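Peer 1: Here it is, the structure, as C-alpha cells.
The values are calculated or read from the model by the stated rules, or taken from the named source; none is laboratory data. In this text the structure is predicted, and so the values were computed from the model without any measurement. Note that each Cβ is placed from the backbone with ideal geometry, even for glycine, and that neighbours are counted across all protein chains shown.
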C-alpha cells in the first residue's frame, strides 16, 4: 500500500492491516499467524505460555538422586557378596587371643587361614548353617599343621592348635615328652632360661620337635611336672584329630576331655589351615585408641610364614 493510500485509510482499514501483522512470542520465536481474529490481539491472556522448566528440573534432580541411591545400594550388596565368597571359599582372618601357641603365635597376632586346604563343611559358612553334613572336596590335615577349628562342645567358638594325632594314632605325654604310637618324638632343647611369675621361679625352655612325618617346629615347656605332662594313651578315632598347643604347659587342648576342654576334634569342625601372620600388636593395643596401634606394633612378626 502506498503512503498516499495509508494517509487516506480509515480506522477500519488500519485495524484490518494490524490483524495481519505477525505476532512474536515472548521467547523471540519466529512469528506465527494468528489468523483473522482481531480478538486474539486484544486478549489480555498471554499469547505464548513459557514451558515450566524449573519444575521439570526438580523432577530430574529427584530421579537422579534416587538412581544414585540405588547404585550405592547395589555397590554395597555386591561388595558384601564378594567378601562373603572370599571368606567362605578362600581366606578368613583371625586374631590370636591367648598364649597357648607360643613361641610360634603370640597374643595379638593377626593371621590368615586358607579355607580350601581341608575342603568345606557347614562350618566354612558364617553361623554354621546345617546345609549339609561332612566335608566337600575334603583333604586330610597332616601332622604338624596349625589348624583353626570349631570347639566340639561349642561350635560358636574358634580354636587354633597344632595337629599332632591323625586317625588311628595313639598319643601320650610322659614326663613332658610326646609319644606317638609308643615312639618318642624327637626333641632338642634350643634355649633355656629362668623366669619368675605368679608361680614363682621356674625354667622355661624352647624345644624343637620333629614329628614322624618330618615336620619340625618349636614348642615351649616349663618343666616335666605340670598337670598335662603325664597322660593316658589317647587313641584317635576315625574322622577325628588330636590337637595340642605349642605352649605345652599353658594350653587346654585334646589332652583335656571334650566336656571341659577340646577332646578329639571331628574333621567336620575343621575351618582351615593357618598360613601366615599378616601383622601383629602386643597386648595393650585398643581399637578405639589409634595411638596405641603404632605404640604396640610388632613389625618383626609381619608376614611370617607359619611352620
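Peer 1: Residues 133, 227, 194: which one is at pLDDT below 95 and within 19 Å of residue 254 (Cα to Cα)?
Peer 2: Going through 133, 227, 194 in turn, the sole match is 227.
Peer 1: Out of the residues in region 100-118 that are more than 19 Å from the chain's Cα centre (by Cα) and closer than 27 Å to residue 212 by Cβ, which is surrounded by the fewest Cβ atoms within 10 Å (Cβ to Cβ)?
Peer 2: 103
Peer 1: Yes or no: residue 262 assigned to a strand (DSSP E or B), within 39 Å of the chain's Cα centre (by Cα) and either in contact (Cβ under 8 Å) with a residue 12 or more places away in the chain or within 20 Å of residue 145 (Cβ to Cβ) (or both)?
Peer 2: No, not satisfied.
Results for (1) at pLDDT 90 or above; (2) assigned to a loop (DSSP other than H, G, I, E, B); (3) in contact with a strand residue (DSSP E or B) (Cβ under 9 Å, 6 or more places away or on another chain); (4) not assigned by TED's automatic domain parsing to the domain that holds residue 246, shown as yes or no for each residue.
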position	(1), (2), (3), (4)
50	no, yes, no, yes
66	no, no, no, yes
69	no, no, no, yes
81	no, no, no, yes
84	no, no, no, yes
118	yes, yes, yes, no
127	no, yes, yes, no
141	yes, yes, yes, no
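Peer 1: In addition: Could you pull out every one of the strands (runs of 3 or more DSSP E) wholly within region 163-244 that has 2 or more residues that are buried (at least 16 other Cβ atoms within 10 Å of the Cβ) and touching a residue at least 12 places away in the same chain (Cβ under 8 Å)?
Peer 2: 170-174, 177-180, 200-210, 216-221, 240-244
Peer 1: Please enumerate the residues belonging to region 92-109 that are closer than 13 Å to residue 245 by Cβ and part of a strand (DSSP E or B).
Peer 2: none
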